[in-house]
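Note sheet for the following structure.
No value in this document is a laboratory result; all are computed from the given coordinates. Note that this is a predicted model, so its numbers are computed, not measured. With ideal geometry, Cβ positions are generated from the backbone for all residues, glycine too; neighbour counts draw on all protein chains shown.
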Amino acid sequence: MLDRIIKILTEGGTYRPQPRLVIVDDVDFEFDAILRGPGDSHGLVLVMDCPVTRLPLAVSRVRAFSQMMLRTGSIRPLSVVAVTELDEPGVLNELSAICRVIRVVDGDDASVRARLRPLLPLILPEPESPQGDVSRLLRKALETVTPEELVSSLINAGRKDDKAVESAIVEAINSAITQALSEGQ
């Protein structure tokens with residue numbers, strides 16, 4: 001199971017394996033696996049096999065490791081991938097108070113990948129085609145239903161902020177109401 005987790009996290013160079021033994025301020029810490037990343041980040045991911053009997057020991061080791069990192073002034077983000085069948089939130093909440101915790105249970109690769117998703121980079125689809133100039137697109141979309149001066153007013157206001165757009169719309173509505181009332185007299 002640990003090998004599958006490491007394989008998923010290291011695919012595409014997202015995370016890089018580190019030595020299992022890490023020394024912080026002359027204190028040795030050993031975990032089942034340590035990964036650094038994502039990408040060029042210096043965040044640490046500790047992978048731990050945590051059967052119910054080892055979970056209290058895992059919590060104390062992570063707490064001690066975190067305290068040593070704090071004492072040395074480290075600002076590295078810390079995450080723990082806990083491979084455990086334990087579904088009791090109390091023990092895992094202790095770890096959650098220290099760092100980000102991802103609970104993984106044994107399953108197929110798709111379910112393991114789904115559990116690890118918070119650690120994996122977001123893959124966005126490529127845009128289908130480059131978008132044109134927004135003001136040109138807006139003018140084209142509104143040219144048949146809106147007077148040119150309103151479109152110009154909204155585009156100029158949009159370059160400032162949302163309050164300016166709101167003011168331009170209110171002004172256009174008030175102007176239309178005033179014009180309609182004056183024509184009706």
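For the chain, relative contact order (Cα pairs under 8 Å, six or more residues apart, normalised by length) works out to 15 percent.
Which whole-angstrom value gives the distance between the alpha carbon centres of segment 1-70 and segment 161-185? What the calculation gives is 62 Å, centre to centre. In this simple spin-label approximation, Val134 and Met1 carry label points 7 Å from Cα along the Cα→Cβ vector, and these lie 4.8 nm apart. As a proxy for reagent exposure, Ile98, Ile173 were ordered by neighbouring Cβ count within 10 angstrom, fewest first; the result is Ile173, Ile98. Straight-line cross-link partners of Lys163 among the aspartates and glutamates, defined as a Cα under 13 Å from its Cα and at least 8 positions apart when in the same chain: Glu171. Can you classify segment 1-134 as rounded, prolate or oblate using the Cα gyration tensor, where a ≥ b ≥ c are the square roots of its eigenvalues, rounded means a/c under 1.5, and otherwise it's prolate if a/b beats b/c and oblate if not? Prolate. In the chain, the DSSP beta bridges split such that about 50 percent are antiparallel, to the nearest 5.
Dipole check for the chain: with +1 at the C-beta of Lys and Arg, -1 at the C-beta of Asp and Glu, and the Cα centre as origin, the magnitude is about 520 Debye. Give me the log10 of I(q) over I(0) for segment 76-127 at q = 0.16, 0.26, 0.30 Å⁻¹, as the Debye formula computes it from C-alpha points; what are the numbers? Here the Debye-derived log intensity ratios amount to -0.55, -1.07, -1.22. Going from the residue with the fewest nearby Cβ atoms within 10 Å to the one with the most, Thr84, Thr72 rank Thr72, Thr84.
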